[in-house]
Amino acid sequence: MATSNTLTRTFFGALALLILGSTTSCRKETVQLVYKPCPGAEIVRDVDQNAYPTVQIGDQCWLRENLRTSTYRNGDAIPVIEEDSLWLSTSAGAFAYYTNDPDQDTLEGMLYNHFALSDNRGLCPTGWHVPSDAEWTTLQEYISRGDKEGGALKDTLEWDFPNVGAANLMGFRARAAGFRAATGGFGGQGIHGFWWSTSPAEPGKAWSRQLNYASTSMFRNANFLLFGMSVRCLKD
């Protein structure tokens, strides 16, 4: 088991160290690197006044946490749906707390259906948006670690063992918030993280990205619009 260390290095120095050095799958500490916040937007607040730190990765600026707003940008409330039957039957924007537990929003954020992020009232803070499939691809290509980009994005905390390859090299701090299925059931917390894109796939589905506790890869999936998953916002 590795001992806890705090590495205060520049981003690229730390990146080289962690790529060239050996890693362990049983680590529990958080390796603290120096990340570059988005210029002029180190902290961003949503309409509910939740505060999010930011990070610049290449030419993109991302929130470092999953979205947890319960209100559209124009001030309208986003419905929270607990009942499985109502989740399955809705065709409007909605969100859920994992296992309907409001305490889950603090670290993991809410789980939104795709109708919420496609609503023209706006989901992300002003000046920010839900990324497209192409913008997710840009992030993956910037990391350019073959099939190991998932490990570079995964946090070292809040994932089940073994959390393969997790290093949080980019400061993205991806966590395994789980999902809500189209039929209403919850699953995958600690095992999977899912993030929406705005881009349609086949009819009734949209593209998303998935990280897994047992893999270093980032997976591109087509999910039903009723699926509940995390949202990360990207600067306009």
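Here, each number is a calculation from the coordinates, and none is a lab measurement. Predicted, not measured: the structure shown is a model, and the values here were computed from it. Positions of Cβ are generated from backbone atoms using ideal geometry, with glycine treated the same way; all protein chains shown enter the neighbour counts.
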Fill in: Surrounding net charge for Ala77, when Lys and Arg each add one and Asp and Glu each subtract one, Cβ distance under 11 Å
-1
Worksheet item: Taking neighbour counts of Cβ atoms within 10 Å as a proxy for exposure, in what order, fewest first, do Glu82, Glu108 appear?
Response: Glu82, Glu108
Item to complete: Lys and Arg at +1, Asp and Glu at -1: add these up for the other residues within a Cβ distance under 14 Å of Leu67 and post the number.
Response: +2
Worksheet, complete the sentence: Among beta bridges assigned by DSSP with both residues in segment 37-235, the antiparallel ones amount in percent, to the nearest 5, to 90
Discussion item. Kirkwood hydrodynamic radius, segment 37-235, all distinct C-alpha pairs: what's the number in Å?
Written reply: 16.5
Worksheet entry | Efficiency of FRET between Glu83 and Arg45 - r from beta-carbon atoms, R0 30 angstrom, step 0.05 | 0.45
Worksheet item: segment 71-136: Rg/Rh from Cα coordinates, Kirkwood Rh?
Response: 0.97
Item to complete: Return the whole-Å distance between the Cα centroid of segment 71-85 and the Cα centroid of segment 165-232.
Response: 20
Practice prompt. Just rank Ser91, Ser217, fewest to most, by other beta-carbon atoms within 10 angstrom.
Written response: Ser91, Ser217
Fill in: Order of Asp76, Asp155 - criterion: other Cβ atoms within 10 Å of each residue's Cβ, fewest first
Asp76, Asp155
Discussion item. What number results when the radius of gyration of segment 161-236, computed over Cα atoms, is divided by 2.2 N^0.38 Å?
Written reply: 1.12
Practice prompt. May I ask for the net charge around Gly178, where only other residues with Cβ less than 13 Å from the Cβ of Gly178 are counted and Lys, Arg are +1 while Asp, Glu are -1?
Written response: -3
Worksheet, complete the sentence: Nearest-0.05 FRET efficiency for Thr71 and Ser215 at R0 = 45 Å, using Cβ-Cβ distance, is 0.85
